[in-house]
């Protein structure tokens, strides 16, 4: 597939379409050419950033469920947040109000795969997401 056909998130190796901010992630490019979204060295680093962001939401008390996390991650002022939450719940089989353990790969890898699919319009490569998980876990 030609890179021009890839979604912006995949071209940026930022499959979660994480916006530029003061927060710096491992694997983030310092010479980003996208004015709105972060760029990463590889998709694995981009997936690691999603895991890290969701984990940060939980430990800082912003939410520990799909509904609460996605309401912050994809706020209604920019997204159809309810549809996003519903899609993640259908894809993962996890109820919107089930408390999540962001250090549990059996919960989090499917959630991040589903986020990537919503953000990019194509299914995520599970093995690539799993490598991002390993980068995340090894950095804690």
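Summary of values
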read-out	value
Boolean, residue 49 is surrounded by 14 or more Cβ atoms within 10 Å (Cβ to Cβ) and in contact with a strand residue (DSSP E or B) (Cβ under 8 Å, 6 or more places away or on another chain)	yes
Qualifying residue in region 95-110 (condition: in contact (Cβ under 8 Å) with a residue 12 or more places away in the chain, in a helix (DSSP H, G or I), touching a helix residue (DSSP H, G or I) at 6+ places or on another chain (Cβ under 7 Å) and surrounded by 21 or more Cβ atoms within 10 Å (Cβ to Cβ))	yes
Considering residues of region 23-34 that are at pLDDT 95 or above and in a loop (DSSP other than H, G, I, E, B) only, the residue surrounded by the most Cβ atoms within 10 Å (Cβ to Cβ)	27
Index of the failed condition, residue 15 passing every other in (1) closer than 17 Å to residue 130 by Cα; (2) part of a helix (DSSP H, G or I); (3) touching a helix residue (DSSP H, G or I) at 6+ places or on another chain (Cβ under 6 Å)	(2)
Verdict on residue 114 being in a loop (DSSP other than H, G, I, E, B) and either surrounded by 15 or more Cβ atoms within 10 Å (Cβ to Cβ) or in contact with a strand residue (DSSP E or B) (Cβ under 9 Å, 6 or more places away or on another chain) (or both)	no
Criterion (modelled with pLDDT of 95 or more and crowded, with 18+ Cβ neighbours inside 10 Å) met by exactly one of 137, 70	70
Failed criterion for residue 83 (all others in (1) assigned to a loop (DSSP other than H, G, I, E, B); (2) surrounded by fewer than 19 Cβ atoms within 10 Å (Cβ to Cβ) hold)	(1)
Any hit, region 38-57, residues being over 24 Å from residue 107 (Cβ atoms), assigned to a strand (DSSP E or B) and either in contact with a helix residue (DSSP H, G or I) (Cβ under 6 Å, 6 or more places away or on another chain) or at pLDDT 95 or above (or both)	no
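The values are calculated or read from the model by the stated rules, or taken from the named source; none is laboratory data. It should be emphasised that the depicted structure is a prediction, and the values quoted were computed from it without experimental measurement. Note that each Cβ is placed from the backbone with ideal geometry, even for glycine, and that neighbours are counted across all protein chains shown.
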